[in-house]
2 protein chains.
Amino acid sequence: MTISNYKEIAAQKLAKRDSSFKKEWLIPQDQLPSSSQVKDVLKFPIESGFLTPLEIEITESNALEILANIKSKRWTSFQVASAFGHRATIAHQLVNCLSEVFFDEGLQMAQELDEYYAKTGELKGPLHGLPISLKDNLNIKGHQTTIGFVGFINNPIQFEQDAVLVEMLRSMGAVFYVKTNVPVAMMMPESINHIYGNTVNPFNRDLTCGGSSGGEAALIALKGSPLGVGSDIGGSLRIPSSFQNLFNLKASSGRFPTYGARSGLPGLESVLSVNGPMSTSLDTLELYSKCVVDGEPWLKDGKVVEIPWRQVELPSKLTFAVCFSDGVVKPTPPVTRALKHTIAKLLEQGHEIIEWEPKDHERLANIITEFFLSDGGEYCKKVAKLTGEPFFPYMEMYNTSKELGVSKLWELHAERTSLQKQYLDRWNDTAKKTRSGKPIDGIILPVTPYPTAENGKFKYVGYTSVFNALDYSAGVVPITRADKDLDLKDEDYKPVNDLDKETFNDYDAEKNHGGAVALQIVGRRFQEEKVLKMMKVIAGAVDTEHYWK
Amino acid sequence: MTISNYKEIAAQKLAKRDSSFKKEWLIPQDQLPSSSQVKDVLKFPIESGFLTPLEIEITESNALEILANIKSKRWTSFQVASAFGHRATIAHQLVNCLSEVFFDEGLQMAQELDEYYAKTGELKGPLHGLPISLKDNLNIKGHQTTIGFVGFINNPIQFEQDAVLVEMLRSMGAVFYVKTNVPVAMMMPESINHIYGNTVNPFNRDLTCGGSSGGEAALIALKGSPLGVGSDIGGSLRIPSSFQNLFNLKASSGRFPTYGARSGLPGLESVLSVNGPMSTSLDTLELYSKCVVDGEPWLKDGKVVEIPWRQVELPSKLTFAVCFSDGVVKPTPPVTRALKHTIAKLLEQGHEIIEWEPKDHERLANIITEFFLSDGGEYCKKVAKLTGEPFFPYMEMYNTSKELGVSKLWELHAERTSLQKQYLDRWNDTAKKTRSGKPIDGIILPVTPYPTAENGKFKYVGYTSVFNALDYSAGVVPITRADKDLDLKDEDYKPVNDLDKETFNDYDAEKNHGGAVALQIVGRRFQEEKVLKMMKVIAGAVDTEHYWK
């Protein structure tokens, strides 16, 4: 590929995507809600009258219900794929969430599954007929992976092999039909690029869906998918999950297979990107996680650790540490309200709450940023140069940073190892403070300071990236929505630094109204099973386990 | 510390070590075997008449026997510590294997354990009273860690904290009494430095003990320790274990805790140093490994993976792949004989053997060398400069290499990840060739091309380092000794490259006579339990399970 007009290449790809939709599923432009007038479009798909009652019933079901109904032959896989294809189309028309669209292929996969089931009486696997949407970075054979880079359009024309995870899900009977939009290189907390533009938030279309798994989150919130796979290297699963009030599990690296996913920073190992499930259903997350691990991914991806899926029973009373602010950027009022509400509910249920001192969070978050930039942005610059596409402001640091040098990188590694050890020691030391005499079960804290954000106003990923630096497991639980009447700015607050001040100044109760607010529950490294159970406890306490029903 | 005469600083440290011995345990110089005339000193400690019958009985016992005899009160911990201290002194006089010597502290620990047992009737832990020797890199509170650098003498004066592993072993009742010699920075396959000089091989004192856990291996072979802990980043456990015909387990990184060990390349994470047990007893390895993992090291070291110690039952008939040569350096005749003998014995027992193609071994071994040198030797140069000590020839590459740059490092990481995946796929694909229809259980291959080597003639670590690059688990099993009458040079062999030619030319049946020959059995990542069981099968087949009895 030679340097050319990046806009032209992008426009061709965009046109190709747009031509991939099935005409019968597209809503005529003039019947779509006005983007300037209708901000919250969550209910549009079912209220607009374009979906059949069966399509609504299917798309309002979680993965377990879908699988059960296919097994019982109440629904065919084809009906399910068709319903989600239709609803994904509408979702896309509302928020611009899709990157690769291949409904016919999905319907074909579904039909083959139906035929297989009819013929053999056996399901193909534990995910037989379940549509799964995939973040753009997961390679699927026969499709492209652009991860928001114009330079990756037709480069290659198509991948010849599924990513390991995709291959596993395919063999379990999953149906693929779309990939979803991401920011350039997946290194921005919004989902914008020069190919597809911006994905907006269905809770409030003036706000960003977040990133980098933002197209995925927006699609799932509109129920164009019952289960999506995103990825996270600094918060890329958790931020959009929070901004769309989804359930999400971010595992420690090595729990789920990542081989064959395209990276924006390939070869970076100082911190490893992980992938994980996002859904409106917590049970769906558990089903997915168990299926993937039961599939023995360590036999298929050299980076996966051989830890089987474990049955975890929690005691009836748990001990959580809570962190209201990391001392760098104070969360905005809706987030603080969500946290207070959650803690109150957990206390009501008899759980113990102690305080968590966010020691070293700032340093760990800074170290991880240095890791991201340690090649001096060389790779991103190289790909951008393929077509001459410019850098977005948030990505400008990749354009201007300098190669760190391996010697300095080693120093950062050693420092991180030491901070990791100290963090673990502090975790263990909580045993001295708890009633049970045992260390805390998890830490509850914000996912981000924002109840979603306006485009360009997401400036701080420290609440999530610290746990990538530590490689801890974490879950996201929907709590509430920002409310302009409840979440008033505390005008007396004195910001402690520039970033804190910007966040304080940017918050506008009116503009953020309706934004999603979720919280993060963090477990130690490789505590995925326990994190899921703790998510259930929290969602139960605040009554959001069935938030989406 | 300022630049000074490195020889003077080293001489002071050497004198301090030499003054740490207990006079009553030292053999008068004139009663030691002549180093020019007596090469094999393995039997000297028990034949020389300096050890009491009880000391001999104790030091000829394995860890299980020692623990049982302490528990039954047949022996006290003090008697055991004293016996090993005495024998370690003699061992040292024969081969120069110790770096830090603190017998009185060990005796004190033992006495406290005896008092505890007498008073409470309880053992302190599963290793109550067991002397464990430690490679120099493991920090012990109150002691120095020089790892062969003159610049690390009195820098710091003493460590304030135990390494995590040391702390764990201490809490289980282990007794520490010595640390053992290593090469500078632990990055040479011999054990030589400017402080203590060279550790020689008790099988043949004209030959090297190997490295970097060489002092450890030499001490254990002379039974100055029933169990030692070494470390391995490219073969540093396996090479000296092979050169001393010891049993050894090299785990995948993350199985045993490493926090608080001093590194010669601190912050290097492209490949991680692992530590592991070395012993004349295979049962001792299993006991140690289980104890450490049962101690839940993932709660103490952020890099340890939460995989409990698993009970593994092997089928009665196994399938091994065998690799006679990696295509880079052909093993010398004693190693090939050992391999042929082992395969014949395994076939006799009904195990299946297929061939292993060493695809990508050379590239993986080259990549790992690039990782070692990726900081351009900055760290080693910095430490050497502290005192002006020169580089040994083998280390000269650290003096002359150039900083690789993070961008290039990322490219190497990505390449390694891909090779790792391909290796795993080929492992799985063996299922198509085996009688059982299952993939191979393990790969049997040389540890090194050499049956020990003369100093300066160890030039190729590719047989071991490939498995650090892959992070596979591996064990070393003693097989035989080089025999000048059996292991004649194949004068018709045509070397395939310069290194191969040097190895071919360097081999001298006469000079290598008596050298130890062990083999490597390799399992997939995190297959430590299975590797130990496979070691038992191999040692059983060639009748070396009780080689040291």
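A few remarks follow.
- Highest average first, the peptides B:144-152, A:482-490 ordered by how many other beta carbon atoms sit within 10 Å of their residues are B:144-152, A:482-490.
- Three-way shape call for chain B based on the alpha-carbon gyration tensor, with the a/c threshold at 1.5: rounded
- Gyration tensor (alpha-carbon) shape descriptor, the range B:6-299, a/c threshold 1.5: rounded
- Residue by residue along B:419-428, Cβ atoms of other protein chains within 10 Å of the local Cβ number 3 on average.
- Carbon plus sulfur fraction of accessible area for chain B, probe 1.4 Å, in percent: 52
- Once backbone amide H atoms are built at 1.01 Å from N, A:Val496 has A:Lys501 as its partners under 5 Å, excluding neighbours fewer than 5 places away on the same chain.
- Working note: 222 nm ellipticity from helices only, DSSP H runs with n ≥ 4, each -39,500 (n - 2.57), summed and divided by the residues of chain B, gives -11000 deg cm²/dmol to the nearest 500.
- Here the 3J(HN,Hα) profile of the range A:117-128, calculated from phi with Karplus coefficients 6.51, -1.76 and 1.60 at θ = phi - 60°, is 5, 4, 6, 9, x, 10, 7, 5, x, x, 10, 3 Hz, Gly and Pro shown as x.
- The range A:259-303-the range B:510-541 distance, computed between alpha-carbon centres (Å): 34
- Cβ-based net charge around B:Leu207, under 15 Å, with every Lys or Arg adding one and every Asp or Glu removing one: -2
- Label point 7 Å beyond Cα along the C-beta direction, distances from A:Asp40 to other copies (nm, shortest first): 8.7
- When the Cα positions of B:Pro334, B:Pro315, B:Pro390 are compared along the charge dipole of the protein assembly as shown, B:Pro315 comes out farthest toward the positive end, with charges on each C-beta of Lys, Arg, Asp and Glu.
- Inter-copy label distances at B:Lys22, using a point 7 Å along Cα-to-Cβ, come to 8.5 nm with the shortest given first.
- Excluding ligands, DNA and RNA, the accessible surface per residue across chain B is 35 Å² with a 1.4 Å probe.
- Where N is the number of residues in the protein assembly as shown, Cα Rg divided by 2.2 N^0.38 Å: 0.99
- Rounded to the nearest 20 debye, the dipole size of the protein assembly as shown about its Cα centre is 620 debye, using +1 on the Cβ of Lys and Arg and -1 on the Cβ of Asp and Glu.
- Protection proxy ranking, highest mean first, for peptides B:514-527, A:256-269: B:514-527, A:256-269, where packing is the per-residue count of other beta-carbon atoms within 10 Å, averaged.
- Shown for A:Arg363: label points 7 Å from Cα along the beta-carbon vector, and their distances to the equivalent points in the other copies, 4.0 nm in ascending order.
- Around the Cα centre of the range A:319-546, unit charges on the Cβ atoms of Lys, Arg, Asp and Glu (plus for the first two, minus for the last two) sum to a dipole of about 580 debye.
- Convex hull projection area averaged over all views, the range A:319-546, Cα basis, nm²: 14.5
- The range B:153-225 and the range B:99-131 have their alpha-carbon centroids 21 Å apart.
- Counts of other chain beta carbons within 10 angstrom of each beta carbon in peptide A:519-528 average 2.
- Averaging the sequence gap over all C-alpha pairs within less than 8 Å and six or more residues apart, then dividing by the number of residues, gives chain B a relative contact order of 16 percent.
- The residue list A:Val305, A:Phe256, A:Pro277 was ranked by how far each Cα lies along the charge dipole of the range A:221-326 toward its positive end, using unit charges on Cβ atoms, and A:Pro277 comes out on top.
- Solution diffusion estimate, µm²/s, Stokes-Einstein, the range A:458-549, Kirkwood Rh from C-alpha pairs, 20 °C, viscosity 1.002 mPa s: 140
- 10 Å Cβ neighbours from other chains, averaged over peptide B:300-310: 5
- About the Cα centre, charge dipole magnitude for the range B:32-144 (Lys/Arg +1, Asp/Glu -1 at Cβ), debye: 160
- For the range A:269-310: rounded, prolate or oblate by the Cα gyration tensor [a/c cutoff 1.5]: oblate
- Heavy-atom accessible area buried between chains A and B is around 3700 Å² (1.4 Å probe, both sides summed).
- Interface residues of the range A:366-402, defined as a loss of at least 30 Å² in heavy-atom accessible area between the chain alone and the complex of all protein chains with a 1.4 Å probe, are A:Asp375.
The values are calculated or read from the model by the stated rules, or taken from the named source; none is laboratory data. Predicted model, so just to flag it, every value in this text is computed and none were measured. FYI the Cβ positions are ideal-geometry reconstructions off the backbone, even for glycines, and counts take in every protein chain you see. For accessibility, only protein heavy atoms count, side chains too; no ligands or nucleic acids. Shrake-Rupley method; radii C 1.70, N 1.55, O 1.52, S 1.80 Å.
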